[in-house]
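Single-structure report; data block below.
The values are calculated or read from the model by the stated rules, or taken from the named source; none is laboratory data. Fair warning: this is a prediction, and the values are worked out from it, not measured in the lab. Cβ sites come from the backbone with ideal geometry, for glycine too, and all protein chains shown count toward neighbours. SASA here: full protein model, heavy atoms, side chains in, ligands and nucleic acids out. Shrake-Rupley method; radii C 1.70, N 1.55, O 1.52, S 1.80 Å.
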Amino acid sequence: MAEIDLLARLPKTRRDIRKRHEAQTPGNIAIARQYGEGYFDGSRDVGYGGYRYDGRWIPIAEDIIRHFGLKAGDRVLDVGCAKGFLVKDLMKVCPGLEAFGLDISEYALTHCEPEVVGRLHLGSADRLPFPDRSFSAVVSINTIHNFERHDAIRAVREVERLAPGRGFIQVDAYRTAEQRELFLSWVLTARYHDYPHEWIRLFKEAGYTGDYYWTILE
Ligand SMILES: C[S@@+](CC[C@H](N)C(=O)[O-])C[C@H]1O[C@@H](n2cnc3c(N)ncnc32)[C@H](O)[C@@H]1O
């Protein structure tokens with residue numbers, strides 16, 4: 001298991017934390033957790049405020065391919081793939097790579113990029129409908145924190161089951177009390193979030209041997 005920032009080249013999003021904090025109502029949280037149109041393409045109060053392809057995942061796809069040494073013919077899975085931007089870019093960067101995605105959002109999958117039609121599966125990260133060891137690598141970015149701790153463990157086990165030692169999981173975390181406060185003023189969907197050492201404890205409990213990194217608001 002190693003800590004590695006595979007999203008280092010992702011542009012930082014500008015966030016109006018104060019405005020979001022005011023919008024953190026139970027109603028908005030409930031809308032966000034439906035992962036429907038509101039979450040992806042509705043207002044910023046309930047999610048992304050417009051989730052559109054702009055190529056920003058291409059450098060991340062390059063880094064994932066390099067990190068895992070992926071090549072044409074290999075299979076890679078993105079768990080929590082949303083509209084399939086990363087799946088598309090993995091195949092763009094490495095022609096012949098067999099990239100797939102899985103997400104719980106029917107809205108995201110039915111509004112996916114044309115290049116990934118037929119490659120995205122509807123399902124939940126804690127029950128991946130694929131055989132053991134069936135992927136050369138599995139990534140899950142900003143998704144597994146949406147479970148309660150117990151189910152997050154199941155989801156981490158699923159990543160490990162499909163690609164032992166060849167996973168990459170990124171989740172919400174904070175290193176300081178100040179970062180935690182900031183995070184709590186922003187969060188809508190995450191149910192389990194913690195300090196890195198607690199996440200690492202969870203990974204160990206799950207028997208996870210892949211890599212990981214943190215999404216930290218600063
Ligand atoms: C913050 S978005 C991240 C999307 C993409 N991975 C990225 O980093 O841009 C969280 C994604 O997790 C999906 N999701 C939430 N709960 C899930 C679950 N139980 N199983 C699979 N996907 C889930 C949502 O629909 C959404 O697409």
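Tabulated data for the structure shown
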quantity	calculated
Average accessible surface area per residue within region 1-120, 1.4 Å rolling probe, Å²	51 Å²
Magnitude of the charge dipole, region 21-148, Cβ model with Lys/Arg +1 and Asp/Glu -1, debye to 20	300 debye
Inter-part distance where region 168-199 and region 204-218 are each reduced to a Cα centre, Å	11 Å
Relative contact order for the chain, counting Cα pairs under 8 Å that sit 6 or more residues apart, in percent	21 percent
Virtual spin-label span in nm between MET1 and GLU178, 7 Å along Cα→Cβ	2.8 nm
Charge dipole of region 131-218 about the Cα centre (unit charges at C-beta), most positive-ward option of HIS197, PHE183, ILE169	ILE169
All-pairs Cα distance distribution in the chain, expressed in whole percent, bin size 5 Å	1, 7, 15, 20, 21, 18, 12, 5, 1, 0
Net dipole in debye of region 120-205 [+1 Lys, Arg Cβ; -1 Asp, Glu Cβ; about Cα centre; nearest 20]	260 debye
Cα centre as origin, Lys/Arg/Asp/Glu Cβ charges: the chain dipole, Debye	140 debye
Prolate/oblate/rounded call for region 1-126, Cα gyration tensor, a/c under 1.5 rounded	prolate
Share of carbon and sulfur in the accessible heavy-atom surface of region 1-59 [1.4 Å probe, %]	51 percent
For region 50-131: relative contact order, % (alpha-carbon pairs under 8 angstrom, 6 or more apart)	28 percent
Long-range amide H partners of GLY101 with built H, under 5 Å	ASP78, LEU120, HIS121
222 nm mean residue ellipticity, helices alone, for the chain (DSSP H n ≥ 4; -39,500 (n - 2.57); rounded to 500)	-9500 deg cm²/dmol
Separation between Cα centres of region 100-157 and region 1-80, rounded to whole Å	13 Å
Residue (of TYR208, TYR51, ALA72) at the positive-pole extreme of the chain, dipole from beta-carbon charges	ALA72
Fraction of accessible area attributable to carbon and sulfur, region 128-218 (%, probe 1.4 Å)	47 percent
